[in-house]
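Everything on this sheet refers to the single structure shown next.
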Ligand SMILES: O=c1ccn([C@H]2C[C@H](O)[C@@H](COP(=O)(O)OP(=O)(O)OP(=O)(O)O)O2)c(=O)[nH]1
Ligand SMILES: [Mg+2]
């Protein structure tokens with residue numbers, strides 16, 4: 001699949017999003033900031049990535065997810081826990097970086113901050129009905145099937 005990308009920050013010219021390994025699902029997004037950005041405990045900031053993508057086809061979308069290293073080791077996750085890029089969005093990809101830890105963290109310019117995953121999407125049509133057919137689960141949830 002080919003996706004149109006616009007380079008909004010010249011530093012991204014030779015750093016286009018790329019799969020780090022042949023089996024990678026995520027494309028790392030970089031923090032296109034001019035100087036180091038310190039996120040105090042529980043602070044969050046909207047960080048530009050220097051690129052825009054146009055997915056174009058409503059059959060695709062792109063969740064923005066945290067990187068596990070930053071999230072687990074440093075508490076740097078996303079302010080909107082998962083970002084979602086619509087197929088018709090034409091603006092710069094932005095990452096809401098949230099320091100959920102109790103230690104300040106300094107983000108370096110061009111550091112890989114989050115990852116973009118391109119996924120298929122189904123846009124549903126809704127039929128309004130009065131009843132659903134019975135199923136084994138019914139309305140059970142929240143652990144209704146037990147623990148073991
Ligand atoms: O982490 C994110 C989340 C969203 N977006 C952009 C792309 C997305 O298509 C658009 C709108 O996002 P969303 O629908 O999640 O936000 P909203 O609060 O519902 O805004 P809107 O009313 O513009 O849809 O913002 C980002 O750049 N980064
Ligand atoms: Mg929206």
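Just so you know, all these numbers are worked out from the coordinates, no wet-lab data involved. These numbers were taken from a predicted model, which means no experiment stands behind them. Cβ: placed from backbone, ideal geometry, glycine included. Neighbour counts: every protein chain shown.
In table form, for the structure just shown:
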item: Burial ordering of 132, 126, 105, fewest other beta-carbon atoms within 10 Å first; result: 126, 132, 105
item: Virtual spin-label span in nm between residue 54 and residue 82, 7 Å along Cα→Cβ; result: 2.7 nm
item: Taking the chain and dividing mean pair separation by its residue count, relative contact order in percent (alpha carbons under 8 Å, at least six apart); result: 30 percent
item: Gyration tensor verdict on the stretch 42-148 (Cα atoms; rounded if a/c is under 1.5, prolate if a/b is larger than b/c, oblate otherwise); result: oblate
item: Residue order, fewest to most beta carbons within 10 Å, for 9, 102; result: 102, 9
item: Potential extension, residue 21-residue 128 segment - 0.36 nm per residue separation minus Cα distance; result: 34.0 nm
